[in-house]
Amino acid sequence: MTGRRLTSLLACVTTAAAGASLLTGCGVLPGTTGGSREPVTVMTWAPDGTRATNMPGMPAMAQAYARWANASGGIDGHELRILTCNEQNTSAGAAACARRAVREKVVAVVGSYSQNGRAFMAPLEAAGIPYIGGYGISEDEFTSPLSYPVNGGQASLMAGHGMQLAESCRKVSLVRPDTLAGDKLPDLLNSGLRKSRHGGATDIPAVEDAGEYTQQAGRARTKAGREDGCVAAVLGERTQTFFDSFRRLPEPEPEDERNTDDDSVDAVRISSVLGSVSQPVIDRTGGARSPFEGAYVTGWYPEANDARWAPMRKVIQRHAFADNRVDPADAGVQTTWIAYTVLKKVIESLDRDTITAGAVSHALDRGVTIDTGGLTPELRWRYEDMLGAPRFPRIVNHQVTFQVVRQGRLVAQKPGFVDVGETVLTAP
């Protein structure tokens with residue numbers, strides 16, 4: 001290794017900031033990018049090791065992407081350096097990660113997960129740092145002028161899920177987190193249900209990090225009814241815990257003689273959205289024997305075995321090594337791949353020796369168009385490209401996919417994308 005390469009590699013190694021856990025360095029392979037172009041430093045953060053939702057695959061995917069890009073000479077001649085941070089699922093953790101991004105002078109925060117939008121967006125906005133392709137879990141990602149979402153977030157998922165359930169469910173119970181973000185979900189689900197003249201769902205708030213959900217599961221089953229009833233749970237990583245409690249409920253007593261033969265808990269269909277249910281979760285819970293067998297699931301992207309994911313899978317195979325955090329079927333990993341695709345296209349469009357945060361956001365605002373290989377519609381963030389929904393004005397991708405679990409695999413329930421833009425616009 002030459003002195004120049006060693007210096008470049010050592011420059012990526014940092015220590016943890018007070019209040020924020022830096023998971024690793026940039027993960028750059030010892031190759032040269034050539035030319036005189038300056039390195040580009042970005043950050044990816046996500047919670048890890050918490051009692052609620054964890055997304056370790058997102059920073060791990062970012063590192064794999066950097067190894068792949070740098071092995072090929074960098075992005076347009078720029079070495080890509082990745083800083084990662086444990087957001088810890090707290091507002092203090094999110095703010096600390098954002099402040100570190102400012103201190104490190106990153107040109108963007110890319111492909112990250114945080115429910116604490118208010119905590120992290122203010123420091124980024126003050127420093128002019130764009131937030132590209134966040135997971136879409138916080139409302140601030142769809143209101144900040146420096147946020148560039150690649151999907152329609154929870155808003156599109158929930159509105160689409162209502163449309164999906166309206167086709168098959170007479171009554172719906174929604175179990176969701178008793179949080180500020182969770183409070184928005186019933187209205188969004190109901191906007192989709194009512195598009196098909198369906199009544200609203202029964203709203204059942206639940207503690208996000210509970211160890212069991214027997215009480216909520218019993219209420220959800222009762223309110224859904226025994227005839228074409230559906231129970232939707234959107235609890236992030238705890239969705240699996242909820243459906244385990246649901247599965248363990250005792251058989252219901254028949255309401256009258258007419259119900260003794262046909263009505264049982266099996267008559268209730270379960271459902272969720274991608275992120276709360278994923279292929280890795282289905283695999284861990286028994287595959288075809290999983291409690292999720294037959295579940296309806298709404299997602300942002302094509303199913304995990306779709307050929308359009310082949311480039312990402314090749315990068316994971318060659319550059320994620322034996323890192324089991326990087327699962328190509330994980331929605332966080334997929335979102336991170338798309339977010340870095342955006343970053344790559346923007347840097348290439350700039351064609352400059354030095355890349356700055358201001359240059360990146362300016363290019364995005366001016367309308368650089370991103371082709372994601374069919375994983376999303378073409379992405380562009382001009383004012384006229386945005387949906388303009390009252391609470392989610394910066395949605396530019398309002399397409400979702402309807403999926404179902406069959407024989408232990410998430411497969412398409414219907415082909416192609418479903419546009420939920422009008423449904424999101426009608427949500428209160």
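The values are calculated or read from the model by the stated rules, or taken from the named source; none is laboratory data. Nothing here was measured: the structure is a model prediction, and the numbers come from that model. Here the Cβ positions follow ideal geometry from the backbone for every residue, glycine too, while neighbour counts run over all protein chains shown. Note: areas computed on protein heavy atoms with side chains; ligands, DNA, RNA excluded. Shrake-Rupley method; radii C 1.70, N 1.55, O 1.52, S 1.80 Å.
Data overview
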quantity: Any chance residue 215 is of a type outside the set (Lys, Arg), surrounded by fewer than 24 Cβ atoms within 10 Å (Cβ to Cβ) and out of contact with any Leu (no Cβ under 7 Å at 6 or more places or on another chain); calculated: yes
quantity: Any hit, the range 1-11, residues being of a type outside the set (Gly, Ala, Ser), surrounded by fewer than 24 Cβ atoms within 10 Å (Cβ to Cβ) and either within 22 Å of residue 112 (Cα to Cα) or modelled with pLDDT of 95 or more (or both); calculated: no
quantity: Residue within the range 361-371 that is in contact with a strand residue (DSSP E or B) (Cβ under 7 Å, 6 or more places away or on another chain), within 25 Å of residue 70 (Cβ to Cβ) and open to solvent by less than 20 Å² (accessible area, probe 1.4 Å) present; calculated: yes
quantity: Neighbours by Cβ (under 6 Å, 6+ apart or cross-chain): first from the range 190-202, in a helix (DSSP H, G or I); second hydroxyl-bearing (Ser, Thr, Tyr); calculated: 191/423; 191/426; 192/423; 195/423
quantity: Some residue of the range 63-83 being closer than 27 Å to residue 427 by Cβ and either at pLDDT 95 or above or touching a helix residue (DSSP H, G or I) at 6+ places or on another chain (Cβ under 8 Å) (or both); calculated: no
quantity: So residue 210, is it among the aliphatic types (A, V, I, L, M), part of a loop (DSSP other than H, G, I, E, B) and either touching a residue at least 24 places away in the same chain (Cβ under 8 Å) or more than 28 Å from residue 376 (Cβ to Cβ) (or both); calculated: yes
quantity: Residues within the range 128-140 that are aliphatic (A, V, I, L, M) and open to solvent by 10 Å² or more (accessible area, probe 1.4 Å), tallied; calculated: 1
quantity: Odd one out for residue 363, checked against (1) within 29 Å of residue 185 (Cα to Cα); (2) of a type outside the set (D, E, K, R); (3) in contact with a Ser or Thr (Cβ under 9 Å, 6 or more places away or on another chain); calculated: (1)
quantity: Selection count where residues are more than 19 Å from residue 124 (Cα to Cα) and either assigned to a loop (DSSP other than H, G, I, E, B) or not basic (Lys, Arg) (or both), scope the range 66-86; calculated: 14
quantity: In the range 360-381, the residues that are touching a helix residue (DSSP H, G or I) at 6+ places or on another chain (Cβ under 7 Å), of a type outside the set (Val, Ile, Thr) and without any contact (Cβ under 8 Å) to a residue 40 or more places away in the chain; calculated: 363
quantity: Every residue from the range 399-421 that is open to solvent by 60 Å² or more (accessible area, probe 1.4 Å) and touching a residue at least 60 places away in the same chain (Cβ under 8 Å); calculated: 406, 407, 409
quantity: Subset of the range 322-351 [open to solvent by 70 Å² or more (accessible area, probe 1.4 Å), more than 20 Å from the chain's Cα centre (by Cα) and touching a residue at least 40 places away in the same chain (Cβ under 8 Å)]; calculated: 348, 351
quantity: Qualifying residues in the range 223-236 (those that are in contact with a Gly (Cβ under 9 Å, 6 or more places away or on another chain) and assigned to a helix (DSSP H, G or I)) - the one surrounded by the fewest Cβ atoms within 10 Å (Cβ to Cβ); calculated: 223
quantity: Residues that are out of contact with any Pro (no Cβ under 9 Å at 6 or more places or on another chain) and not charged (D, E, K, R), drawn from the range 219-234; calculated: 220, 224, 225, 229, 230, 231, 232, 233
quantity: Output for the range 146-157, where each listed residue is open to solvent by less than 10 Å² (accessible area, probe 1.4 Å) and either hydroxyl-bearing (Ser, Thr, Tyr) or more than 12 Å from residue 399 (Cα to Cα) (or both); calculated: 147, 148, 149, 156
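Residue-wise test of (1) in a helix (DSSP H, G or I); (2) in contact (Cβ under 8 Å) with a residue 40 or more places away in the chain; (3) open to solvent by 10 Å² or more (accessible area, probe 1.4 Å); (4) among the small types (Gly, Ala, Ser).
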{"position": "88", "(1), (2), (3), (4)": "no, yes, yes, no"}
{"position": "93", "(1), (2), (3), (4)": "yes, yes, no, yes"}
{"position": "105", "(1), (2), (3), (4)": "no, yes, yes, no"}
{"position": "109", "(1), (2), (3), (4)": "no, yes, no, no"}
{"position": "126", "(1), (2), (3), (4)": "yes, no, yes, yes"}
{"position": "144", "(1), (2), (3), (4)": "no, yes, no, yes"}
{"position": "159", "(1), (2), (3), (4)": "yes, yes, no, yes"}
{"position": "164", "(1), (2), (3), (4)": "yes, yes, no, no"}
{"position": "172", "(1), (2), (3), (4)": "no, yes, no, no"}
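Residues are listed down the side, and each one gets a yes or a no for (1) within 14 Å of the chain's Cα centre (by Cα); (2) open to solvent by less than 40 Å² (accessible area, probe 1.4 Å):
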{"position": "273", "(1), (2)": "yes, yes"}
{"position": "276", "(1), (2)": "yes, yes"}
{"position": "281", "(1), (2)": "no, yes"}
{"position": "290", "(1), (2)": "no, yes"}
{"position": "301", "(1), (2)": "yes, yes"}
{"position": "307", "(1), (2)": "no, no"}
{"position": "312", "(1), (2)": "no, yes"}
{"position": "316", "(1), (2)": "no, yes"}
